[in-house]
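Readers should treat all values here as calculations from the given coordinates under stated rules, not as data from a laboratory. What you are looking at is a predicted structure, and each value in this text was computed from that prediction instead of being measured. Backbone-built Cβ (ideal geometry, glycine too); neighbour counts: all protein chains shown.
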């Protein structure tokens, strides 16, 4: 395309983006159409990719198409492998896309659609995509080293140790919160529980098919499994209508929590490939299909957003979780804007598959843009509901009241009218007994998704099926995150224990497997149990804790990236990682301060302890006091650890920039590629 | 008068574009779902697909897969 035409085209995209953002930001009083968000996001991503990632590629990182990547130099046909860039893109996206970009934006919608949308767009373009891109490139230049190894090499042993502990901490908190979301979605829901229970025999069947009937035909068996899951969703309605069967599949939150802990332990400790690998495939199949379908549904239906741009809860009094829009909107939405966890994936399998350095831009920056688009879809799904309904689903009974009439009266008094009859009709339409107090974000997302699907693909009569499809989709891949996370944490603990006593590090030694699995499940199980028993619904305490841990891991990743950029003598461009790092430090440290010392007991853990101690101390309150003290301690430890990495990093930067330290990056030596003639 | 030379604009036929898109999409899915890894394993070991070779492939890839975290 010639230059003037290209300039004209980019000019039009910029104007369109600015107009859309203006419409989103300035529109008040009347509902807006979701297409404004879609257009604004598309334009922001296009401009960010074309110009900002282009600037980072050429000026900051100086991507070298002639430098051989580890996939080429160390190719072994297994993990190191030259792979088509689109294939790596798809693989990387499938690995980073999880429940986070769906749940976080749904919870943050209590502030209105504006804060979440702006953070998702700006956070992704200037922070999240940059983090994923630079960490991927730096790992490629270091033979696919992990984030913790790079932190150790470039920042020092403190950096490596803290990164290791941060990964363990985030895994434990993440697994506890993820399990809580599943519990809240499935409690007292025989239809949902039946569907999820049926995925077990379906996965076993898939395992047998894969091993015995058609070895290796995974796509084929995943499609077959998907059809069977759809049949299970269809059958679920009959289970929920039959009193005997419904009783069999109706569980309390506590029972579900225990069942999930047993599942996590079994998944980690036993060689159950027959169940887990097929479930993993099934989950990925459903995940990719549903995200694509949701995108199509939003464009086809282009629904109206009923949630206002800003709600009164920006002041910190929100019922979904307590805390002001700054900093809590920015830690609640993690994966859709920036997620430290992505740095683990960018320094995991992906760098070992990249054929050319220049492809890291598309894979690292591009895949995170796609993830951010998923978060925009989640915001739309949450905001298409009437706000009263959104708050009725997401507010804990401890805030709005135990009975429907009390809950609807409280929510209506906030200016979001809703009636008990409306909620009953909605619950009936989606095949549930009740939708009150279904905290955690998953049920609200499922209602929004069912609304979009049923009105664009099938009509209102299919609302219940779409709702349970959405619940199944979320629960299935949260459970996959749960079993994969438990195993990864187990391996990490075993690796560390192996330094103390060698057999403990052997991944095939059963006493070690059982012990470490029990340790990990007990750790996240404790947080899960705490959430289940929390009168405020659990999400109020645990989701911010998870957000803080995840963003602190991103802080570590950005410290590593800034250190490397400065050592590469590109100090004048260090702002590309330093600015998001500064923002994350401001956000996470402010949020941690509030979670520790805020005088409002709904926000501050220690204030909550004081309130509980002032009342009558029973067995229940003693446990709540301990839980709040534990959450405060975890927050404090995370902040101290990350402060240590920051201090070490600043020392490195100062030493390098002042010439006291030698600026030497620990990259693999340059080797000229043999793939120079191929497409980059 | 010399006739005006018109250079034809080269546009890939839609059928070809669709074929290329579908082939790439299938390659992505085969990679995500480990079918490509299994094909590479068979090629590397010089064996054909069977129950035994798939079981051996699973054993080899099990530990590597089990160490992969899934993002939140």
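With respect to chain A, whose longest principal axis is taken over its alpha-carbon atoms, helix A:404-413 is tilted by about 60°. Can you bin the range A:217-305 into rounded, prolate or oblate? Criterion: square roots of the alpha carbon gyration tensor eigenvalues sorted a ≥ b ≥ c, rounded for a/c under 1.5, prolate for a/b above b/c, oblate for the rest. The shape class here is oblate.
Need one word for the range A:248-403: rounded, prolate or oblate. Basis is the Cα gyration tensor (sqrt eigenvalues a ≥ b ≥ c); a/c below 1.5 gives rounded, then a/b vs b/c decides. Oblate shape, in that a/c is at least 1.5 and b/c is the bigger or equal ratio. Taking the square roots of 5 times each eigenvalue of the Cα gyration tensor of chain A, largest first, gives ellipsoid semi-axes of 37, 29, 28 Å. Relative to the longest principal axis of the Cα atoms of chain A, the long axis of helix A:463-497 lies at roughly 50 degrees. The mean count of C-beta atoms from other chains within 10 Å of the C-beta of residues in A:171-181, rounded to a whole number, is 1. The alpha carbon radius of gyration of the range A:51-101, expressed as a multiple of 2.2 N^0.38 Å, is 1.45. Helix A:442-456 and the longest principal axis of the Cα set of chain A meet at an angle near 90°. The range A:279-341 and the range A:1-80 have Cα centres separated by 21 Å.
Legend: calculated FRET efficiency, residue B:50 to residue A:220, from the Cβ-Cβ distance at R0 = 22 Å, rounded to 0.05, equals 0.85. Per-residue Cβ neighbour counts within 10 Å put A:474, B:35, A:75 in the sequence A:75, B:35, A:474, beginning with the fewest.
The Cα trace of the range A:626-674 gives Rg and Dmax of 19.0, 61 Å, the first to one decimal, the second as a whole number. Note on the range A:504-594: semi-axes of the ellipsoid equivalent to its C-alpha gyration tensor, largest first and rounded to whole Å, are 35, 24, 6. Looking at the square roots a ≥ b ≥ c of the eigenvalues of the Cα gyration tensor of the range A:1-77, which shape do they give, rounded for a/c under 1.5, prolate if a/b is larger than b/c, or oblate? Prolate shape, in that a/c is at least 1.5 and a/b is the bigger ratio.
Treating r as the C-beta distance of residue A:610 and residue A:633 and R0 as 25 Å, the FRET efficiency rounds to 0.95. The smallest convex shape that holds all Cα atoms of the range A:175-328, its convex hull, gives 182 Å³ per residue. Computed over the range A:42-151, the Cα gyration tensor eigenvalues convert (square root of 5λ each) into semi-axes of 30, 18, 13 Å, ordered from largest to smallest. Shielding of peptide B:48-55 by partners, expressed as the average count of other chain Cβ atoms within 10 Å per residue Cβ, is 3. Taken residue by residue and averaged, Cβ atoms of other chains lying within 10 Å of the Cβ of A:84-91 number 5. For the Cα trace of the range A:407-452, dividing Rg by the Kirkwood Rh returns an Rg/Rh value of 0.97.
With the convex hull constructed from alpha-carbon coordinates only, the range A:382-502 shows a mean projected area of 10.1 nm² over all directions. Each distinct pair of alpha carbons in the range A:521-680 adds a 1/r term; the inverse of their mean, the Kirkwood radius, is 18.6 Å.
Projected onto its three principal axes, the C-alpha set of the range A:213-269 covers 39, 33, 15 Å, listed from the longest axis down. Across the range A:96-211, how large is the tail of the calculated P(r) beyond 22 Å, expressed as a percent of all Cα pairs? For the range A:96-211, the share of Cα pairs beyond 22 Å comes to 61 percent. Here the contact order of chain A, divided by its residue count and restricted to Cα pairs under 8 Å and six or more residues apart, works out to 25 percent. Its alpha carbons give the range A:340-402 an Rg and a Dmax of 19.1, 59 Å.
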